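See structure below.
Laboratory data are not the source of any read-out in this text; all were calculated from the coordinates shown. Keep in mind that what you see is a predicted model, and the values were worked out from it rather than measured. So basically every Cβ, Gly included, is an ideal-geometry build from the backbone, and we count neighbours across all protein chains shown.
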Amino acid sequence: MSHETSTPPPAQIGAAVASVDTPALLLDLDAFEHNLAAMRAMLDGWHGKLRPHAKSHKCPEIARRQVADGAVGICCQKVGEAEAFVRGGIRDVVVVNEIVGSSKLARLASLAHDARIGVAVDDAQNVADIDRAAGKAGVSLDVLVEVDVGLERCGVAPGAAAVALAQSVAEKKHLRFVGLQAYHGRAQHLRSFQERRAATAVAAGKVRDTLDLLAAAGLRASTVTGGGTGTFQFEVSSGVYNEIQPGSYVFMDADYGRILDEAGKPTRMFEQSLFVLTTVMSHPVARRAVVDAGLKSHSVDSGMPLVADLAGARYAWASDEHGVIELDGPAQVSLGQKIRLVPGHCDPSVNLHDWIVCILGERVEAVWPVSARGASF
């Protein structure tokens, strides 16, 4: 089942942004639409497919807009996420992750009654288990063999091991071998353009060699999928990938803001559209303000958030429900003042909220539920 919340939204449609209760996720719709259009323009003329990674937003309304804008469907990480998106009307979902356990596999297979469902594998026993679950449900599932191209997380070795696993998939009655999952997560946040390009080139070489071996074995990989917001341009130009999975591009965050373009400057392909709105709850001394957005409102695994609205201010540290902002120079704040923060890492920050408050200028335009929040199993 998808995540359902009884928590009321922090804002009403038509209200002023200044009246939004905090902490709250804000989505600047102008910047969001710009990002959709920018991705569409950059992929113009490419014959591959965009399959955005919905773990970034966990929001069916955003997924529906991505599909309406040309995406073939979405990918996600967990069965619970897939359930939320299928219930939200998405009819092509790939879980680009290994799913293990009879309960999860039964739930995954049941989704294929309502949508085209795919899953990644890196183990022959898991392949057999997925086939058994699909058979019990009376469905067929798409299967991608995950190849470790440098992430050193999941995935079989490129080459012979990948071919052997693909053969195992192809032999199963209820599974369709459709290709390779070849995601290089470590490359996404390499700071320099040259480092990201080089890492992607190495990954593409491993995929190319594996495709040659698959062809020699009489197996066709119709899909080679991977790539993310930091590297998708390189996967697109590689001649190897024909599907990409960027997710964070719709939002962006402070960490993505630190990666560099070819000229060595911060990349500006996409605009920052996602913010955490917070309120000054304490201002005990001149150079310190405390806001109500702490560790339970945004993730700090990629560093502290940036303060968007206040010159000479630095978000210094966080505890559960408090964020300490250090002030220098002329910066002044007052009790009750609303401040926007740029989260350090958008994906886990979104997962801390039930609602996304969508704004145009200083007005609340919509409020969208984060239906797949917490869907981690």
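Given the chain reduced to its alpha-carbon atoms as identical point scatterers, what log10 I(q)/I(0) does the Debye formula return at q = 0.09, 0.10, 0.12 Å⁻¹?
-0.54, -0.66, -0.91
To the nearest 0.05, what FRET efficiency results for Glu195 and Ala68 with a Förster distance of 41 Å applied to their C-beta separation?
0.75
Can you report the principal axis dimensions of the stretch 153-276 using only the alpha carbons, biggest first, rounded to whole angstrom?
48, 29, 23
Quick check of the Kirkwood formula: for the stretch 269-377, what is the inverse mean of 1/r over all pairs of different Cα atoms, in Å?
14.6 Å
Cross-link partners among lysines for Lys55, C-alpha distance below 19 Å, same-chain residues fewer than 8 apart left out?
Excluding near neighbours in sequence, the set is Lys78, Lys104, Lys296.
Nearest 0.05, what FRET efficiency do Gln125 and Gln12 give at R0 = 51 Å with Cβ-Cβ as r?
Efficiency for this residue pair is about 0.50.
Given a cut-off of under 8 Å on Cα pairs at least six residues apart, what relative contact order in percent is computed for the chain?
The normalised contact order for the chain reaches 22 percent.
Along each principal axis of its Cα atoms, how long is the stretch 29-113 end to end? Whole angstroms, biggest number first, please.
For the stretch 29-113, the Cα extents along the three principal axes come out at 42, 28, 20 Å.
As a test of understanding, state the convex hull volume per residue of the stretch 180-240 from its alpha carbons, in Å³.
Per-residue hull volume (Cα only) is 66 Å³.
Could you give the length gained on full extension between Asp30 and Asp320, defined as 0.36 nm per residue of separation minus the Cα-Cα distance, in nm?
Net length gain for the segment: 101.3 nm.
How big, on average over all directions, is the shadow cast by the Cα convex hull of the stretch 109-205, in nm²?
Convex hull of Cα atoms, orientation-averaged projection: 6.7 nm².
How far apart, in nm, are the 7 Å Cα→Cβ label points at Ala216 and Leu260?
It works out to 4.0 nm between the two label points.
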